Structure formats: C-alpha cells, structure tokens
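Undergrad: Let me give you the structure first, and then I'll get to my questions.
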Amino acid sequence: MKKFLTNTVTLAGAAIISVERSFAAIGSSGLGSVSGLSTSADIQSAIAQLINSVLNVILIVAVAFVIIAGIRLIVSGGDEGEKDKAKMTIIYVGAGMIIILLARVIVTFVNNLL
C-alpha cells in the first residue's frame with residue numbers, strides 16, 4: 001500500500017511539473033516584449049495568469065488527495081476508524097476544491113473589473 005501511495009504521489013508530482021511548464025509556455029507569450037512588461041494591463045494579466053496557474057496546481061493536488069482517500073476507503077478492510085478518516089479527507093478536500101473554484105471566480109471578477 002505504501003509503495004502504491006508513493007507511486008501515486010510521484011505521478012501527481014510529475015503531472016504538476018508538466019502542467020506548470022505548460023502554463024509557463026503559455027504565459028511567456030503574452031507578457032509583452034523581450035525587454036519586459038510594457039503596460040499595466042500586461043502586469044494585471046500576468047498576475048491573473050500566475051494566480052490561476054497556482055490554483056490549477058492546487059486543484060490537481062486536491063484530485064490526487066481524493067483518489068488517495070478513495071483508495072484508503074476501499075482498502076480499509078472494514079476498520080471503522082480508517083473509513084471515517086478517508087471519508088473526512090474526501091469531505092475536507094471537496095470543501096477545499098469549492099473554495100479554490102470560488103477563488104478563481106473572484107480573481108477573474110477582479111481582473112475584469114480593473
């Protein structure tokens with residue numbers, strides 16, 4: 001079980017790194033000229049892209065935690081304590097994902113407002 005969890009976390013880490021590189025490639029094309037940021041709109045969009053990238057990474061980690069908690073729930077073998085821990089993990093991660101999605105909405109709203 002520990003080996004499986006280690007492999008899952010390693011795979012999630014690799015996915016996070018590849019997503020982060022993808023967003024870096026996308027973000028580098030929209031930041032203006034090579035000499036730097038040229039306008040305040042570029043700075044605002046760069047900050048919004050950075051925050052959205054961080055939120056995407058956090059969502060990927062949250063999904064990995066839900067998967068791990070689901071596996072813990074299945075493998076618990078009838079132990080009520082382990083089942084409760086896995087269920088609470090899923091509930092907490094679900095609440096965290098809702099908060100992250102609301103944060104994304106707030107960032108988009110503030111970016112469009114400014």
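Undergrad: If each residue's Cβ is checked for other Cβ atoms within 10 Å, how do Asp42, Asp79 rank with the fewest at the top?
TA: Ordered from fewest to most neighbouring Cβ atoms within 10 Å, Asp42, Asp79 come out as Asp79, Asp42.
Undergrad: Under the 0.36 nm per residue contour assumption, what length would be gained going from the current alpha-carbon distance of Ile43 and Ile67 to full extension?
TA: 5.0 nm
Throughout, read-outs are computed from the coordinates displayed, never taken from laboratory work. Not measured: the values here are computed from a predicted model. A quick note on method: Cβ atoms are made from the backbone with ideal geometry, for glycine too, and the neighbour counts reach across all protein chains shown.
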